[in-house]
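Data first, discussion second: the structure below is written as structure tokens.
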Amino acid sequence: MKKRAPFWKRALGLLTVSALIVSFSGCTGSPSGTSTSSMSTSSQKTPESGGTSSAFANTAEAIGFEPIIVPFPDEPLASYPVENGGTISIWMYINSATSKYYQNLVENPTVKQMIKDTGINVEFIHPPTGQTKENFNLLVVSDSLPDLLVNANQYYAGGNVAAVADGVFADLTELVPEYAPDYYYFIEKNELFRKLATTTDNKIYSIYNYKDVQAPYFIYPQFREDWLKEWNMEIPFTLDEYEAYFEKVLAEKPGIAPYLPSKNGLEGELLGAFGIGGTSNGVRYFVKDGKVRHTFNEPAFKDYLTLMNDWYNKGYISKDFTNVESIDAMNLEFANGRTGMVFGNTDTIFTLMSELDFEATTGRYPRINAEDPYHFDIFYFPQNGNPNAISAKSKNKELALQFLNYSFTQQGSGVANFGETGVTWNMGDDGIPVFTDYALSGKDYSLSDSEYTLRLHTCWAKYRYGDDISMIRNVAEPDTWKYRARWADDETVDGAYAMPTLSFTTEASAEIGKLTTDINTYAEEMILKFITGAASLDQFDEFQKNVQSLGMDRVLELYQQAYEQFLAK
Amino acid sequence: MTLTAEKKEKAPFSNRLKRNFIKHRSLYLIALPIALFYLLFKYVPMFGIVISFQDYRPGKGFWGSDFAGLKHFIDFLTNPTASRTIRNTLVINLYQLIFGFPAPIILALLLNELKLPLFKKTVQTISYMPHFISLVVICGMIKDFSSTYGVFNDVITFLGFERDNLLGNVDLYRGIYVGSGIWKGIGWGSILYLATLSGADPNLYEAAVIDGAGRWKQMVHITLPTIIPIAILQLIMRIGSMMSEGAEKTILLYSPLVYEKADLISSFVYRRGLQEMNFSYGAAVGLFNSVINLTLLVAANRLARKATGESMW
């Protein structure tokens, strides 16, 4: 049986893991054809330098727009506190880390500061843990939706387009310029943001996070540093070097699987090495030469499957990989020394390193040949997800918009990102908020808990500062950030093939949903069979023909249409 | 004196009903909440079946959603993946019927033969402990034991075979699924039969012993016939749920490697529903299942009545 760390260590580890996982839940985009909108290579700390990395430039060239950093206006466009106050109700998910301290978020200091500054009272309605979707659907059906719905688009079939068509969400196009002028300011000034935050016909149905700063992605290949040192090996980079590492693990560490891939066999970063990849969160669409493509449809997919099958037969891949449920479990397998390599979460692994006493290091994204470029880094899109919608039957639409708008002003975004003014942060001389010593001290709460108590890490839509300056943990302990950002300056990596968040009509969404369920069921089964050898790779051509007959071409057609409409907006 | 041809006339039905009500009013009063419960939670919601004929969207409600006719039914029946799930559901149910149904009966018969009360009670208690363990915990255990370096594989290696990811092996999956189900339910299921057996007439046994019947003959001629009525009823009810194998266990144990034999109607609809949040589709499949189940139930009941004289109605 595995040896168990003492209880408090495990509890701390678990808490940190869940805190970190949740903190990145704010990074996901809307359900209709997403790519995550977190950042790309350069890890500068100031907003001004956002547009200079090559990744940015390559994708920018592909999509055809000018990279731009939008500074705050000298004066906020709306005045606070508002004249006629009132109360709005907010439906918002409260995660387990936060609910340890606050039953209702109205007690959180950030919220109290917001109420004081805006003059608008709020009441929160939190869905019970694990029942977010059901709770939302219940509210929809019983016609009792609160005014503001935070990140609920994913729970309504067809997203916000369908929700507005069905009369559940409000169309905000007319109201935003008047009641949320600071948010509208960013829409007007940043064309890419406008394209990402509006629907095909330029309507505003949700308010999104705005992020001007890039940050490195948090999934990298993780190797055991102590073993590399023992064997005098460099950190593997090309696939041949990976195999050498695996061979060593097989030889020197019996019973330990050299590599644990994700449970469906689709390792985003490896697919990226073959030029057909998505990222670890399963995105499989990418844009190359102006056309939307899908991993399954590409000829190079056969090379990927051949490689994985070869690795499986040689024993490099753990035979139980289909049973490891999630990336958290994968991180733990690696941290517990039961596998030699995972594509894991850098922040989690870094935390676990001190808890569980092992040494790990990140590697660069893998390539077939050393001089190959890598085009599948997360691209910096200014729309950072977290769609907030307003109920169509709400009587307080204007108030809700005014409330949200405050988080897009300079002072308001300081509150929304950093917490209580003067207590947890102060405005720096260059207009960028800085944490106070109290916030960084970890005195009243542990550093990871502070993200949810002293400030509000996951919350409503706001102008979002980069994780490196707005997360207490990263500022107080810069090593975590350094671990994550180690390879961020890699010039050969860019997000040139990334696909922006697209908006679909209700009918298109329904059609895509139906076709992709069938395609995914079939493909996931066949992929695992190819990898484990249950199906011979000679059947690959037949596999692709079947995928096409299940409707892949139609799906790509719909995506292409949406993509072209996006560019033309 | 001529026999009067008229029978004494029965009072009209409404009068008889009224008298019955008054005479047994406390019984009716006790039964009232239960009847209301079934009315409110089982019959009234049946109106919701209407969404299986619509393209239901929560925002539009029952009256506002578009009419879709038989679209979802046809979609389900013509989808190649879906027909595979129907086959899997029936096959797994058949396995559970053939292996899982007799198991509690056999256990009950065996326990009945035990003489030492302490031993009997201990065995009984141990046998129905798994019933109380949550399904999620059990599936976690199964996954752990079936992993390549888990307990099952250690036994397999001991017997001379190679290690394998058991839950990923298409041929072994159903065995593990059904086998673990039997292990979990055997103890609890045997309680019903043991209770029936404890009501068996001891005089019959004595008479059989006098006639020279051995233990085996006693069991076949006395014990078994005592159980048969209950067993038939249980069987009929089992058949009446052939199409509705629950999704939880499947979802916890399966992986795309074994979809071919593991994917059930419920897990397929779960994935479909999660992707599209298509309530109408789920309702349509549910309705389809219920109709099939009802047909099977009525047929099984008829068959049982004809074959053995026992039936539910």
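When you go through B:SER311, B:SER255 one by one, which is the residue that is closer than 30 Å to A:GLY159 by Cα and more than 14 Å from the chain's Cα centre (by Cα)?
Values: B:SER311 fails: closer than 30 Å to A:GLY159 by Cα.
Of the residues listed, the single one that is closer than 30 Å to A:GLY159 by Cα and more than 14 Å from the chain's Cα centre (by Cα) is B:SER255.
Can you name every residue in the range A:469-500 that is of a type in the set (Val, Ile, Thr), surrounded by 23 or more Cβ atoms within 10 Å (Cβ to Cβ) and not in a helix (DSSP H, G or I)?
A:VAL493
Those residues that are among the aromatic types (Phe, Trp, Tyr) and modelled with pLDDT under 85, I need them from the range B:250-308; list them, please. Please lay out each step first, then the result.
Within the range B:250-308, the subset among the aromatic types (Phe, Trp, Tyr) is B:254, B:259, B:268, B:270, B:279, B:281, B:288.
Of everything in the range B:250-308, those that are among the aromatic types (Phe, Trp, Tyr) and modelled with pLDDT under 85 turn out to be B:TYR270, B:PHE279.
Starting from residues that are of a type in the set (D, E, K, R) and modelled with pLDDT of 85 or more, keep the ones in the range B:239-249 and report whichever is surrounded by the most Cβ atoms within 10 Å (Cβ to Cβ).
Let us first name the residues in the range B:239-249 that are of a type in the set (D, E, K, R), namely B:245, B:248-249.
Now narrow it down to the ones that are modelled with pLDDT of 85 or more: B:248-249.
Details: B:GLU248: 13, B:LYS249: 21.
Restricting to residues being of a type in the set (D, E, K, R) and modelled with pLDDT of 85 or more, the top hit is B:LYS249.
Quick check on the range B:289-312. Is at least one of its residues small (Gly, Ala, Ser), more than 30 Å from A:ALA535 (Cα to Cα) and not in a helix (DSSP H, G or I)? Even if it seems obvious, please write down each step before you answer.
Initially, the range B:289-312 is screened for residues small (Gly, Ala, Ser), giving B:290, B:299-300, B:304, B:307, B:309, B:311.
Add one more test, that the residue is more than 30 Å from A:ALA535 (Cα to Cα), and what stays is B:290, B:299-300, B:304, B:307, B:309, B:311.
With the extra rule that they be not in a helix (DSSP H, G or I), the set shrinks to B:309, B:311.
There is at least one residue in the range B:289-312 that is small (Gly, Ala, Ser), more than 30 Å from A:ALA535 (Cα to Cα) and not in a helix (DSSP H, G or I).
Under 30 Å from A:GLY442 (Cβ atoms) and either among the β-branched types (Val, Ile, Thr) or in contact with a His (Cβ under 6 Å, 6 or more places away or on another chain) (or both): is that true of A:VAL547 in this structure? Can you show your working first?
Details: under 30 Å from A:GLY442 (Cβ atoms): no; either among the β-branched types (Val, Ile, Thr) or in contact with a His (Cβ under 6 Å, 6 or more places away or on another chain) (or both): yes.
No: the conditions fail for A:VAL547.
Go through (1) of a type outside the set (Val, Ile, Thr); (2) surrounded by fewer than 18 Cβ atoms within 10 Å (Cβ to Cβ); (3) in contact with a Ser or Thr (Cβ under 9 Å, 6 or more places away or on another chain); (4) within 14 Å of another protein chain (Cβ to nearest Cβ) one by one and return the number of the condition A:ASP328 breaks.
Tallying (1) of a type outside the set (Val, Ile, Thr); (2) surrounded by fewer than 18 Cβ atoms within 10 Å (Cβ to Cβ); (3) in contact with a Ser or Thr (Cβ under 9 Å, 6 or more places away or on another chain); (4) within 14 Å of another protein chain (Cβ to nearest Cβ), A:ASP328 fails exactly one: (4).
So, in the range A:523-569, of the ones that are of a type in the set (Gly, Ala, Ser) and not in a helix (DSSP H, G or I), which residue ends up surrounded by the fewest Cβ atoms within 10 Å (Cβ to Cβ)? Break it down stepwise before answering.
First, pick out the residues of the range A:523-569 that are of a type in the set (Gly, Ala, Ser): A:523, A:533-536, A:549, A:551, A:562, A:568.
Now drop any that are not not in a helix (DSSP H, G or I), which leaves A:533-536.
Details: A:GLY533: 12, A:ALA534: 16, A:ALA535: 19, A:SER536: 10.
Out of the qualifying residues, it is A:SER536.
Scanning the range A:162-192 for residues that are more than 12 Å from chain B (Cβ to nearest Cβ) and β-branched (Val, Ile, Thr), which turns out nearest to the chain's Cα centre (by Cα)?
Result: A:ILE187.
Is the range B:42-50 home to any residue that is within 14 Å of chain A (Cβ to nearest Cβ) and either of a type in the set (Val, Ile, Thr) or in contact with a helix residue (DSSP H, G or I) (Cβ under 9 Å, 6 or more places away or on another chain) (or both)? If you could, list the steps in order and put the result at the bottom.
Step one: filter the range B:42-50 for residues within 14 Å of chain A (Cβ to nearest Cβ), giving B:45, B:48.
Now restrict to residues that are either of a type in the set (Val, Ile, Thr) or in contact with a helix residue (DSSP H, G or I) (Cβ under 9 Å, 6 or more places away or on another chain) (or both): B:48.
Yes; the residues of the range B:42-50 include at least one that is within 14 Å of chain A (Cβ to nearest Cβ) and either of a type in the set (Val, Ile, Thr) or in contact with a helix residue (DSSP H, G or I) (Cβ under 9 Å, 6 or more places away or on another chain) (or both).
For a quick check of your reading: which helices (runs of 4 or more DSSP H) sit entirely within the range B:69-162 and have at least 1 residues that are surrounded by fewer than 18 Cβ atoms within 10 Å (Cβ to Cβ) and within 14 Å of another protein chain (Cβ to nearest Cβ)?
Working: elements: B:71-78, B:80-95, B:102-113, B:117-128, B:135-146, B:151-158.
Answer list for the range B:69-162: B:71-78, B:80-95, B:135-146, B:151-158.
For the subset of the range A:479-512 comprising residues that are over 21 Å from A:TYR365 (Cα atoms) and more than 21 Å from the chain's Cα centre (by Cα), which member is nearest to the other protein chains (Cβ to nearest Cβ)?
Let us first name the residues in the range A:479-512 that are over 21 Å from A:TYR365 (Cα atoms), namely A:500-512.
Still in the list and also more than 21 Å from the chain's Cα centre (by Cα): A:505-512.
Working: A:THR505: 14, A:THR506: 9, A:GLU507: 11, A:ALA508: 13, A:SER509: 8, A:ALA510: 7, A:GLU511: 10, A:ILE512: 9 Å.
This residue is A:ALA510.
Say whether the condition of being within 14 Å of chain A (Cβ to nearest Cβ) and either in contact with a Cys (Cβ under 7 Å, 6 or more places away or on another chain) or touching a residue at least 60 places away in the same chain (Cβ under 8 Å) (or both) is met by at least one residue in the range B:284-304. Walk me through how you get there before you give the answer.
Going through the range B:284-304, the residues within 14 Å of chain A (Cβ to nearest Cβ) turn out to be B:284-285.
Among the residues that remain, those that are also either in contact with a Cys (Cβ under 7 Å, 6 or more places away or on another chain) or touching a residue at least 60 places away in the same chain (Cβ under 8 Å) (or both) are: B:284-285.
Yes, the range B:284-304 has at least one match.
Here is a list: B:LEU264, B:LEU257, B:LEU235. Which entry is at the interface with chain A (Cβ under 10 Å from one of its Cβ atoms) and more than 28 Å from A:VAL140 (Cα to Cα)? Full working, then the answer.
Details: B:LEU264 fails: at the interface with chain A (Cβ under 10 Å from one of its Cβ atoms); B:LEU235 fails: at the interface with chain A (Cβ under 10 Å from one of its Cβ atoms).
None of the others qualify; the one that does is B:LEU257.
Identify, from the list B:VAL209, B:VAL178, the residue that is more than 19 Å from the chain's Cα centre (by Cα), on the phi < 0 side of the Ramachandran plot and of a type in the set (A, V, I, L, M). Walk me through how you get there before you give the answer.
Values: B:VAL178 fails: more than 19 Å from the chain's Cα centre (by Cα).
Step by step, each of B:VAL209, B:VAL178 is checked, and only B:VAL209 is more than 19 Å from the chain's Cα centre (by Cα), on the phi < 0 side of the Ramachandran plot and of a type in the set (A, V, I, L, M).
Only one of these is within 14 Å of chain B (Cβ to nearest Cβ), under 23 Å from the mean Cα position of the chain (by Cα) and not hydroxyl-bearing (Ser, Thr, Tyr): A:LYS211, A:LYS133, A:LYS195. Name it.
Criteria check complete, one pass: A:LYS133.
The values are calculated or read from the model by the stated rules, or taken from the named source; none is laboratory data. Note that this is a predicted model, so its numbers are computed, not measured. Neighbour counts are summed over all protein chains in view; Cβ atoms, including those assigned to glycine, are modelled from backbone coordinates with ideal geometry.
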